[in-house]
Amino acid sequence: MGKPFPARLVRLIKTIETEYKSMNKIIISPKKGKQGIGAGVWNLGPGRDPFGGPTREEIPVLDRIPLLAKAGITYVEAHDVEIPLRDVPKARKLLKQYGLRMGMYTPSFFADPVFKDGAMTSNDSHVRRQALRNALLAVDATVELGAEVMVFWNGREGFDFVLAKNGRDAFRRLIDGFNAVGEYAKQKYGKKSPVFALEPKPNEPRANMYLGNVGEVLYLISRLDPAFQPLFGVNPETAHSRMAGLDYVWDVELCLEAGKLFHIHLNSQDTTRYDQDMPFGYMEPLKDLALCVVLQDAKWEGILAFDVKAPRTDRQEDIADILHTSAANLQRLWARALKVDRRKVAEFRSTQQYTALGGYLAKCLY
């Protein structure tokens, strides 16, 4: 037998073993929280784009709910123009029938021609009032549908020509608008109020959008009335970060660090092109693996939701393929991320062996 370990080494080994057991508990434990996958009814559209009309028959919105259930989706998302307040009772009945829940609801500030130059930031005060009315109705619909999150996508909040808007005024209008939404929700629903996730996007349909990235959204939240700030967070979308030339893993990490990751949209994007909404896990699977690791380590408990779009080339009978593919990719990547040895990641970081770390992640993926 060799010499016994010095006491300090014994203590060190015990410390490492304790930390490793604790780390393994995090790694191998099932995902906490909502335990499901979300998708929007708009994911199953008729295939139109800015250059061509539909390539498939338009499926009535409420008839898409059974299709989402069949595809394994557990949380449904919709805009106010897809499930307006008058259709909420029908939608609730269908959700119950198919064992689904409403994950997120969002007002459409981009489809109606009245919002051609923005909603809350419009230069027309009448349009701004209409936007606020729509937002407050959406709060009511969100609550009626049982969703805990309401998303604001920046849509047409922006400009195409420089000096078309006074940027400082436009930003203050956003502050005033979201403060009003927060006040309404807090007064009417109290602790049962939904939370609000602002979704950044750098461009399209406007050349330049206000709230173009996660940093701008976090700054806006910091400017809201302190009484309403806790109600507001971020809904980062992986493709939108890529459109801005940014790293979506870091965007999500920034939201997590701020305690403001209220929702997330997963998809794929081929560099900085137009918004493609391709299947999650398709373009950058290694980066998607890293994203799963980040979410697991943060013990994030929100819904993992897709914002994907059935392409024009898919036939009617294949319209849900994009959901099946995205869900299968997510499940595979999530399982592989659970097996990533966090000790090895920590060692690579401490020794600054970043190329080796990349190789290890590739090994975990492939």
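The values are calculated or read from the model by the stated rules, or taken from the named source; none is laboratory data. Just so it is clear, the structure is predicted and the values come from calculations on it, not from any experiment. As a convention, Cβ positions derive from the backbone with ideal geometry for all residues, glycine included, and neighbour counts pool all protein chains shown.
Tabulated data for the structure shown
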| quantity | calculated |
| --- | --- |
| The lone exception for PHE110 - which of (1) closer than 27 Å to THR313 by Cβ; (2) surrounded by fewer than 18 Cβ atoms within 10 Å (Cβ to Cβ); (3) at pLDDT below 95 it fails | (2) |
| Neighbours by Cβ (under 7 Å, 6+ apart or cross-chain): first from the stretch 257-279, farther than 17 Å from PHE232 by Cβ; second of a type in the set (Val, Ile, Thr) and surrounded by fewer than 22 Cβ atoms within 10 Å (Cβ to Cβ) | PRO279/THR325 |
| Condition check for PRO285: closer than 25 Å to LEU323 by Cα and touching a Gly at 6+ places or on another chain (Cβ under 8 Å) | no |
| Subset of the stretch 139-181 (residues that are in a strand (DSSP E or B) and either out of contact with any Phe, Trp or Tyr (no Cβ under 7 Å at 6 or more places or on another chain) or more than 19 Å from ILE83 (Cβ to Cβ) (or both)) | VAL151, TRP153, GLY158, PHE159 |
| Any chance GLY259 is over 25 Å from GLU204 (Cβ atoms) and under 16 Å from the mean Cα position of the chain (by Cα) | yes |
| Qualifying positions in the stretch 46-87 - of a type outside the set (Gly, Ala, Ser), farther than 18 Å from GLN316 by Cβ and surrounded by fewer than 19 Cβ atoms within 10 Å (Cβ to Cβ) | PRO50, PHE51, THR74, VAL81, PRO84, LEU85, ARG86, ASP87 |
| Residue list for the stretch 174-198, filter: in contact with a Leu (Cβ under 8 Å, 6 or more places away or on another chain) and charged (D, E, K, R) | LYS186 |
| Residue check for ASP270: more than 19 Å from VAL76 (Cα to Cα), outside any helix (DSSP H, G or I), modelled with pLDDT of 95 or more and of a type outside the set (Lys, Arg) | yes |
| Criterion violated by LYS31 - all others in (1) modelled with pLDDT under 95; (2) of a type in the set (D, E, K, R); (3) in a helix (DSSP H, G or I) satisfied | (3) |
| Single residue of the stretch 312-327 satisfying the filter (in a loop (DSSP other than H, G, I, E, B) and surrounded by 18 or more Cβ atoms within 10 Å (Cβ to Cβ)) that is nearest to the chain's Cα centre (by Cα) | ALA320 |
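A quick yes/no check of all residues on (1) assigned to a loop (DSSP other than H, G, I, E, B); (2) at pLDDT below 95; (3) of a type in the set (A, V, I, L, M, F, W, C):
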position	(1), (2), (3)
GLU183	no, no, no
ALA197	no, no, yes
ARG206	yes, no, no
GLY212	yes, no, no
PRO226	yes, no, no
TRP250	no, no, yes
CYS255	no, no, yes
PHE280	yes, no, yes
